[in-house]
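No value in this document is a laboratory result; all are computed from the given coordinates. Fair warning: this is a prediction, and the values are worked out from it, not measured in the lab. No Cβ is skipped: glycine too gets one built from the backbone with ideal geometry, and neighbour counts run over all protein chains shown.
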Amino acid sequence: MSYKLSWLLENRIILITYDGVFTKADLETYLKESLDMRDRANAVLGAGGPLVHTVTDARRMTKQDLSLQEALKVVETLRKQRVGWSIYIAANKLDQFLAGVGHQFAGVRYRSVSTVQEGIDFLKKVDDTLADFTYSKDDSRKSIRE
């Protein structure tokens, strides 16, 4: 498996990290798992509750082993779900471009950032329910913008 899903903040912010080669099978499995996590969180938060955001850190991804067409087909099959912002930390400029196209196609609010901390800072600006959240993990991996 070339990804890991976890809660950065329980029922509010999902953290996905990619490592190595990311395949179509990984995308399909990751999407199902993250949809399930969001469904459970949305049930806890209630119909009018705060949104669940996603931070994806792809800086350690070495290769995407799927075409844009394959990725868009998978995204097209997504069921509609109440989602917050999708924050993406790209592995390189091409990955950043493809992620932007994919998120736009899916109709998801999207922001590209350089680090997890920058993503958290952005989320805190757009979602006042996260104002007291602090992120303290080491985020020293090199950014594509450095």
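The table below gives the values:
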item: Helical mean residue ellipticity (222 nm; -39500 (n - 2.57) per DSSP H run of 4+; nearest 500) of the chain; result: -12500 deg cm²/dmol
item: Positive-end residue, the chain charge dipole about Cα centroid, Cβ charges, pick of 41, 71, 31; result: 71
item: Burial order of peptide ranges 21-28, 100-107 (average beta-carbon count within 10 Å, highest first); result: 21-28, 100-107
item: Of 24/93; 73/137; 24/80; 4/24; 93/137; 32/73, those spanning more than 23 Å from alpha-carbon to alpha-carbon; result: 73/137; 93/137
item: Cβ charges +1 (Lys, Arg) and -1 (Asp, Glu), total dipole of the chain, debye; result: 220 debye
item: Difference of contour (0.36 nm per residue) and Cα-Cα distance, residue 4 to residue 40; result: 11.2 nm
item: Where only C-alpha atoms are counted, convex hull volume of the chain per residue in Å³; result: 104 Å³
item: Residue 93-residue 47 FRET efficiency (beta carbon distance; Förster radius 35 Å; 0.05 resolution); result: 0.35
